[in-house]
Each structure stands twice: as C-alpha cells, then as structure tokens.
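Input: a single structure, listed below in structure tokens.
The values are calculated or read from the model by the stated rules, or taken from the named source; none is laboratory data. Here the structure is a predicted model, which is why all the values come from computation and not from measurement. Backbone-built Cβ (ideal geometry, glycine too); neighbour counts: all protein chains shown.
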Amino acid sequence: MAAALAPALRAVARPMLYTSLILGIGFGTLLFSRFVPSFYFGLLAVATVVTALLGDLLLLPALLLTLERRRG
C-alpha cells in the first residue's frame with residue numbers, strides 16, 4: 001500500500017487543492033457580508049474546507065500507513 005500511496009497522492013493532490021481553493025473563495029465572499037449569520041456561515045464553511053483538505057492530504061495517508069503497519 002505504501003508504494004501506491006505516493007503516486008495516488010501525486011495524482012489527486014492538485015485537483016483537490018484547486019477544488020478546495022475555489023470552494024474557499026466562493027464561501028469566503030460571505031465574509032464580506034454585513035448580515036452576521038451569513039458571515040459566520042462563510043467563516044465556518046471556509047474553516048471546514050481547509051480542515052477537510054488538510055485531513056485528506058496529511059491525516060489520511062498517515063492513518064493508512066499506520067493501519068498497514070498494524071495489519072502486517
């Protein structure tokens with residue numbers, strides 16, 4: 001699994017980054033809203049997108065490698 005992890009990450013990292021960037025910019029426009037609930041929704045949405053990206057790129061590969069080591 002470790003041998004397949006690096007090429008898989010190289011293949012999907014850039015599209016995931018672009019998608020997260022576009023979503024972040026889209027929801028980030030709500031941060032300019034004067035309507036407080038919309039502002040907080042935009043803030044939480046951007047935080048969620050960033051957290052999901054970090055989890056996908058950093059946490060998931062580490063967890064997969066840890067799981068593989070425990071199995072075999």
Leu9 surrounded by 14 or more Cβ atoms within 10 Å (Cβ to Cβ) and closer than 27 Å to Leu64 by Cα: yes
Candidate set: the range 22-56, residues that are within 29 Å of Leu67 (Cβ to Cβ) and surrounded by 13 or more Cβ atoms within 10 Å (Cβ to Cβ); chosen: the one nearest to the chain's Cα centre (by Cα): Leu53
Residue ranges of helices (runs of 4 or more DSSP H) in the chain with at least 2 members on the phi < 0 side of the Ramachandran plot and at pLDDT below 90: 2-28, 60-71
Every residue from the range 20-55 that is of a type in the set (A, V, I, L, M) and over 21 Å from Leu9 (Cα atoms): Ile25, Leu30, Leu31, Val36, Leu43, Leu44, Ala45, Val46, Ala47
The range 31-72, residues that are farther than 15 Å from Leu5 by Cβ and of a type in the set (S, T, N, Q): Ser33, Ser38, Thr48, Thr51
The range 33-72: number of residues that are without any contact (Cβ under 8 Å) to a residue 24 or more places away in the chain and among the aliphatic types (A, V, I, L, M): 13
